[in-house]
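The values are calculated or read from the model by the stated rules, or taken from the named source; none is laboratory data. All figures in this text were calculated on a predicted structure; none of them were measured in a lab. Note that we place each Cβ from the backbone using ideal geometry, even for glycine, and neighbour counts take in every protein chain shown. These area figures cover heavy atoms from the full protein model, side chains too; ligands, DNA and RNA do not enter into them. Shrake-Rupley method; radii C 1.70, N 1.55, O 1.52, S 1.80 Å.
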Amino acid sequence: QVQLVESGGGLVQPGGSLRLSCAASGSIFTIYTMGWYRQAPGKQRELVAAITSGGSANYADSVKGRFTISRDNAKNTVLLQMNSLKPEDTAVYYCNAFLKTPVQAIAYTAWGQGTQVTVSS
């Protein structure tokens, strides 16, 4: 069983910063890609940023230049530094990991429970 636990959400004023963190634990053989998605009320879940085990990252156009994703492969953690936050960044942010366990032949995607980010004055 693999668990992803997010932390770092909260309320911030426009222009402010937050850092989200996510730690994967349990029976993990390898994690290929880790990422962050978000879902605002009434909208579909969308990719924010993702990073491979080699450190290659990609971002949604809406967050390029403001958000930075990073990971620590040894600790199975992924961070999302969010700067210059806007009200439209308000959403529940979910961590995910595409991974393999020692007992499963096929990789799968695990999800965290989500953390609320609210950008408002």
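Percent of Cα-Cα pairs per 10 Å bin, from 0 to the last occupied bin, for the chain, please list those. It works out to 14, 47, 29, 9, 1, in whole percents. Estimated at the nearest 10 Å², the accessible area of SER121 is 130 Å² with a 1.4 Å probe. Which residue, VAL78, VAL48, VAL12, has the most motion in a Gaussian network model of the chain that connects Cα atoms within less than 10 Å? Evaluated over the chain, the most mobile residue of the options is VAL12. Karplus-derived 3J(HN,Hα) values for the range 83-99, using 6.51 cos²θ - 1.76 cosθ + 1.60 with θ = phi - 60°, are 10, 6, 5, 10, x, 6, 7, 4, 4, 8, 9, 10, 8, 9, 9, 9, 9 Hz; glycine and proline are entered as x.
A simple count of charges around ALA23, restricted to other residues whose Cβ falls under 13 Å of its Cβ and scoring Lys, Arg +1 and Asp, Glu -1, yields 0. On the beta carbon distance between ALA60 and GLN3, with R0 = 30 Å, the FRET formula returns roughly 0.70.
Using heavy atoms of the protein chains and a probe of 1.4 Å, the accessible area assigned to GLU46 is about 80 Å². Shown are ARG38, ARG71, ARG19, ARG45, whose ranking by accessible area with a 1.4 Å probe and every protein chain present, most to least, is ARG19, ARG45, ARG71, ARG38. Using a Gaussian network model of the chain whose springs link C-alpha atoms within less than 10 Å, name the residue from PRO14, PRO102, PRO87 with the highest mean-square fluctuation. Taking springs between Cα atoms under 10 Å, the residue moving most is PRO102. Average accessible surface for the chain: 53 Å² per residue, computed with a 1.4 Å probe over protein heavy atoms with every protein chain in place. Computed from point charges on the beta carbon alone (+1 for Lys and Arg, -1 for Asp and Glu), the dipole magnitude for the chain about its Cα centre is near 60 Debye. Averaging Cα coordinates gives a centre for the range 84-99 and one for the range 1-44; these two points are 7 Å apart. Take the Cα radius of gyration of the range 69-121 and divide it by 2.2 N^0.38 Å, N being the number of residues; the result is 1.47. Sorted largest first, the principal axis extents computed over the alpha-carbon atoms of the range 15-82 equal 35, 25, 19 Å. Put ASP89, ASP72, ASP61 in order of accessible area, highest first, and with a 1.4 Å probe you get ASP61, ASP72, ASP89.
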